[in-house]
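Remarks on the structure that follows.
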Amino acid sequence: MVNNEQIRFGIIGAGNIAGVHIQTLAHIPEAAITAITDVYQPLAEQRAREHGIPVVHPSYEKLLEDPDVDAVIVAVPNKYHATIAVAALQAGKHVLLEKPMALNAAEAKKILLTHRQTNLTLMMAHQQRWEWSSLQVKEQVDKGALGHIYNAKTGWMRRKGIPGWGTWFTRMDQSGGGPLIDLGVHMIDLSLHLMGNPKPLTVFGTTFAEFGPKKRGIGTWGTPNWEGFYDVEDLSTALIKCDNGSTLSLDVSWAAHAEYMDGKPFVYLMGSEGGASLRDAKGMLFSEVDDQKHEVQLAVPENDEGSRVRMARHFIECVREGKEPLTSALSGYTNSLILEAIYESSRTGAAVTLEWDI
Ligand SMILES: NC(=O)c1ccc[n+]([C@@H]2O[C@H](COP(=O)([O-])OP(=O)(O)OC[C@H]3O[C@@H](n4cnc5c(N)ncnc54)[C@H](O)[C@@H]3O)[C@@H](O)[C@H]2O)c1
C-alpha cells in the first residue's frame, strides 16, 4: 500500500540487477515500487507477482507516462541507458541509473545536459561508495589524516568471471566494452572520490582479449548464449594522471591466469601523511608512529544495513531535498570520459588528453 510519504519507483528492465534493487527497496519504508517493465514481458510479470508490484507496463515509454511513478531505476543493458535516462528526465521522472552512465562519453554528455535542464535527481548507482569502510576511509581523507594523496592503485582482477558470454555483456555495440566499462567504472568512480576528486587530465591504457574469443574464462553472472559472440576486452590496464599531480593506476579483468587480490575489488591510497586500503570492502589505515609502522583495521558494525540500502536512502533524500547526489551526473560523465580515453589510448598506442568541454 503506497502512502503519501513514499517515493514511488518504476523499474525499467527486470533482469538480474533489477532483482537486487527490488530486494533493496523492500528494506526502505520511504520507497514503494508501483510499476515495472521489461522488453521480455514474462520476466516483468514474474517479478511483479513475486514482489507484489501492482502494474506491469508493456514498454518503458508507457511506464514513463504513469502518473503514479515519481522515480525510475534504469536497469537495462548499457546500450539503452542514454535513450531511457533522457526520456525519463524529459517525462519528469527522477532517475537512478545503473552504471556505466552510457555506451560512450557523447551519450553520457546528453544525459548530463538533459539533467541540467531539469530540477530532477539523476544519480549513478555506484554502491561501492556506500560500503561502510569506504565511508570511514573518506572521513579520514576529509579530516586530512592521509595528507596529500599522490598515488592510488585500484582494480578488480577476476580469474574466471566473464558474465553472460554471447549476450549483450560481450557485444561491443550493446555494452560499450568488457571489464573496463563493467568493473573499471566502479573502481575509477570510488578511487577518484576517495582521492578528493582531482580532475583527470591524461590517460594511458591498453586492453587485451585472450579468453573471451576462445569461450574461456566464463563466470557465473548471466546465462551464456553460445550462439552469440564476443568482441570486447577481457583485461585492461591504465594510468590516469590528474591536475594535482596525483596518479591512479587501474587493473581490471574478467579473466586472467592470475590469483590477484583474491579476485576482489581493491583500492590503495598513498598519501603524504598516511595511507588506506579497501579490499573487498574491508578497510585499513596505514601510517608511521614513532618511527614504527602503524595499522588500523576498520571495523564494520554487525547490524550494518549494507551499501545498497544506504545508496537507495541517499537517492530518496536527494529526490526529497533537491540535493545533488554524491554520484552525480557530472561524476558519471567524468568516468565515461576516462573510460573512452583508455579505449582510445589502447587503439592508438598514445596517451590521451581529456577534452573537458563542460
Ligand atoms: N551496480 C552494479 O554492481 C551492477 C551489477 C550488475 C549489473 N549492473 C548494470 O545493470 C544493467 C543491467 O544489467 P543486468 O545484469 O541486470 O542485465 P540483465 O541482462 O540481467 O537484465 C537486463 C534486462 O533489461 C531488459 N531490457 C533490455 N532492453 C530493454 C528496454 N528497452 N526496456 C525494458 N527492458 C529492457 C532485458 O530484457 C533484461 O531483462 C547494466 O547496465 C549493468 O552494467 C550493475
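For THR223, the conditions (1) outside any loop (DSSP other than H, G, I, E, B); (2) within 16 Å of the ligand (Cβ to nearest atom); (3) open to solvent by 20 Å² or more (accessible area, probe 1.4 Å); (4) not acidic (Asp, Glu) are fulfilled apart from (1). Within the stretch 81-95, if we keep just the residues that are without any contact (Cβ under 8 Å) to a residue 40 or more places away in the chain and near the ligand (Cβ under 9 Å from one of its atoms), the residue that is least open to solvent (accessible area, probe 1.4 Å) turns out to be HIS81.
The sole residue among ILE316, ILE338 that is β-branched (Val, Ile, Thr), over 27 Å from LYS199 (Cα atoms) and out of contact with any Phe, Trp or Tyr (no Cβ under 8 Å at 6 or more places or on another chain) is ILE316.
Exactly one residue out of GLY155, GLY164 is open to solvent by less than 10 Å² (accessible area, probe 1.4 Å) and within 12 Å of the ligand (Cβ to nearest atom), and it is GLY164. From the list ILE316, ILE338, the lone residue that is at pLDDT 95 or above, of a type outside the set (Phe, Trp, Tyr) and within 22 Å of ALA102 (Cα to Cα) is ILE338.
Residues that are free of Cβ contacts under 8 Å to residues at least 60 places away in the same chain, in contact with a Gly (Cβ under 9 Å, 6 or more places away or on another chain) and not small (Gly, Ala, Ser) within the stretch 23-46 comprise ILE33, THR34, ILE36, THR37, ASP38, VAL39, TYR40, LEU43, listed in sequence order. Determine if the stretch 113-121 includes at least one residue that is in contact (Cβ under 8 Å) with a residue 12 or more places away in the chain, within 11 Å of the ligand (Cβ to nearest atom) and either more than 13 Å from the chain's Cα centre (by Cα) or open to solvent by 20 Å² or more (accessible area, probe 1.4 Å) (or both). Checking the stretch 113-121: not a single residue is in contact (Cβ under 8 Å) with a residue 12 or more places away in the chain, within 11 Å of the ligand (Cβ to nearest atom) and either more than 13 Å from the chain's Cα centre (by Cα) or open to solvent by 20 Å² or more (accessible area, probe 1.4 Å) (or both).
On the stretch given as the stretch 65-77, residues that are within 11 Å of the ligand (Cβ to nearest atom) and open to solvent by 10 Å² or more (accessible area, probe 1.4 Å) total 3.
Please tell me if ASP243 is within 30 Å of LEU354 (Cα to Cα) and open to solvent by 70 Å² or more (accessible area, probe 1.4 Å).
Considered against the rule, which asks whether it is within 30 Å of LEU354 (Cα to Cα) and open to solvent by 70 Å² or more (accessible area, probe 1.4 Å), ASP243 comes out as yes.
If the requirement is being open to solvent by 20 Å² or more (accessible area, probe 1.4 Å) and within 19 Å of HIS186 (Cα to Cα), which of these qualifies: GLU98, GLU107? Only one candidate qualifies: GLU107.
Restricting the stretch 49-64 to residues that are open to solvent by 20 Å² or more (accessible area, probe 1.4 Å) and more than 14 Å from the ligand (Cβ to nearest atom) leaves a set whose member that is nearest to the chain's Cα centre (by Cα) is HIS51. Meeting the requirement of 2 or more residues that are small (Gly, Ala, Ser) and over 23 Å from GLU340 (Cβ atoms), the helices (runs of 4 or more DSSP H) wholly within the stretch 129-216 are 132-143.
Could you grab me the full set of residues in the stretch 331-358 that are on the phi < 0 side of the Ramachandran plot and surrounded by fewer than 17 Cβ atoms within 10 Å (Cβ to Cβ)? Within the stretch 331-358, GLU344, ARG347, THR348, ALA350, ALA351, THR353, GLU355, TRP356, ASP357, ILE358 qualify.
Can you say whether PRO198 is open to solvent by 10 Å² or more (accessible area, probe 1.4 Å), out of contact with any strand residue (DSSP E or B) (no Cβ under 9 Å at 6 or more places or on another chain), more than 16 Å from the ligand (Cβ to nearest atom) and at negative phi, as far as the supplied structure shows? Against the criterion (open to solvent by 10 Å² or more (accessible area, probe 1.4 Å), out of contact with any strand residue (DSSP E or B) (no Cβ under 9 Å at 6 or more places or on another chain), more than 16 Å from the ligand (Cβ to nearest atom) and at negative phi), PRO198 does not qualify. Going through the stretch 12-47 one residue at a time, which ones are near the ligand (Cβ under 9 Å from one of its atoms), touching a helix residue (DSSP H, G or I) at 6+ places or on another chain (Cβ under 9 Å) and not in a helix (DSSP H, G or I)? Correct list: ILE12, GLY13, ALA14, GLY15, THR37, ASP38, VAL39.
The values are calculated or read from the model by the stated rules, or taken from the named source; none is laboratory data. All values derive from a computational prediction rather than experimental measurement. For neighbour counting, all protein chains shown are included, and Cβ atoms are generated from backbone atoms with ideal geometry for every residue, glycine included. We work out accessible area using only protein heavy atoms, side chains counted, and drop any ligands, DNA or RNA first. Shrake-Rupley method; radii C 1.70, N 1.55, O 1.52, S 1.80 Å.
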